[in-house]
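J.: Could you have a look at this structure, given as structure tokens, before my questions?
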Ligand code: FES
Ligand code: FES
């Protein structure tokens, strides 16, 4: 079957199998490998993308249900070789080590800041509760998201 998506703002079309997940289509059909397969069962958040306005675990979403949908991946965050402010904040706050989880955290945080530009630390904590990081720890990640929300560093809304 044919699947059409608006992927990071660009229309794409691909042929999918009915049982394919959105993660599988992104990685295997379209070559967007920023979404990682960690657990494959909705528990780690490494595969997180933004579907419409919502951060979703793409390993749990059937691609066939996404016909015509807007999907944003980590590849779409930087604009014109300029990092997204959240990406810069993650670097500034040492919130990245191996990076396997990072795309998922970034997209979860982007969706959070789009619906609530000034979340409390507790709200940040709740928002990222479905994302696991094995190496950095969560304090730096929360610091980075909070700093970006506060417009520190590279600045809010750039
Ligand atoms: S790979 Fe999707 S939640 Fe772990
Ligand atoms: S930076 Fe390695 S799992 Fe998070």
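Any read-out appearing in this document is the output of simple, stated calculations on the displayed coordinates, not a laboratory observation. A quick note: this is a predicted structure, and the numbers were derived from the prediction, not measured. Positions of Cβ are generated from backbone atoms using ideal geometry, with glycine treated the same way; all protein chains shown enter the neighbour counts.
J.: Tell me, what is a quarter of the convex hull surface for the C-alpha atoms of region 2-75, in nm² with one decimal?
T.: Working: hull surface 16.5 nm².
Mean projected area for region 2-75: 4.1 nm², to one decimal.
J.: Restricting the calculation to Cα positions, tell me the Rg (one decimal) and the Dmax (whole number) of the chain in Å.
T.: 15.2, 46
J.: How long are the semi-axes of the ellipsoid equivalent to region 56-134, from square roots of 5 times the Cα gyration tensor eigenvalues, in whole Å, largest first? Before the final figure, lay out each step's value.
T.: On the way: eigenvalues 89, 53, 39 Å².
Three semi-axes, in Å: 21, 16, 14.
J.: Normalised by the number of residues in region 2-75, what is the relative contact order in percent for Cα pairs under 8 Å and 6+ residues apart? Write out the running numbers ahead of the final one.
T.: Details: 147 pairs, mean separation 30.4, N = 74.
The normalised contact order for region 2-75 reaches 41 percent.
J.: Starting from 0.36 nm per residue, how many nanometres of slack lie between residue 116 and residue 15 once their C-alpha separation is accounted for?
T.: Numbers: separation 101, 0.36 × 101 = 36.36 nm, distance 3.60 nm.
Contour length minus the Cα-Cα distance gives 32.8 nm.
J.: Ok, one more. At 0.36 nm per residue, minus the direct Cα-Cα distance, what do residue 98 and residue 75 gain on full extension? Give it in nm, one decimal, please.
T.: Values: separation 23, 0.36 × 23 = 8.28 nm, distance 1.72 nm.
Gain on stretching residue 98 to residue 75: 6.6 nm.
J.: Taking a spot 7 Å from the Cα of residue 135 along the direction of its beta carbon, which residues of region 41-70 have an amide N less than 16 Å from it?
T.: Hits in region 41-70 for residue 135 at 16 Å: 46.
J.: What is region 40-90's relative contact order, in percent, from Cα pairs under 8 angstrom and six or more apart in sequence?
T.: Values: 38 pairs, mean separation 14.8, N = 51.
This gives 29 percent for region 40-90.
J.: So, in nm, how far is label residue 37 from label residue 64 when the simple model puts each one 7 Å beyond its Cα toward the Cβ?
T.: 1.9 nm
J.: Normalised by the number of residues in region 85-149, what is the relative contact order in percent for Cα pairs under 8 Å and 6+ residues apart? Provide the component values of the computation, followed by the final result.
T.: Details: 61 pairs, mean separation 34.7, N = 65.
Relative contact order, region 85-149: 53 percent.
J.: Treat each spin label as a single point 7 Å out from the Cα along the C-beta direction, and report the residue 83 to residue 125 distance in nm.
T.: The answer from the label model is 2.6 nm.
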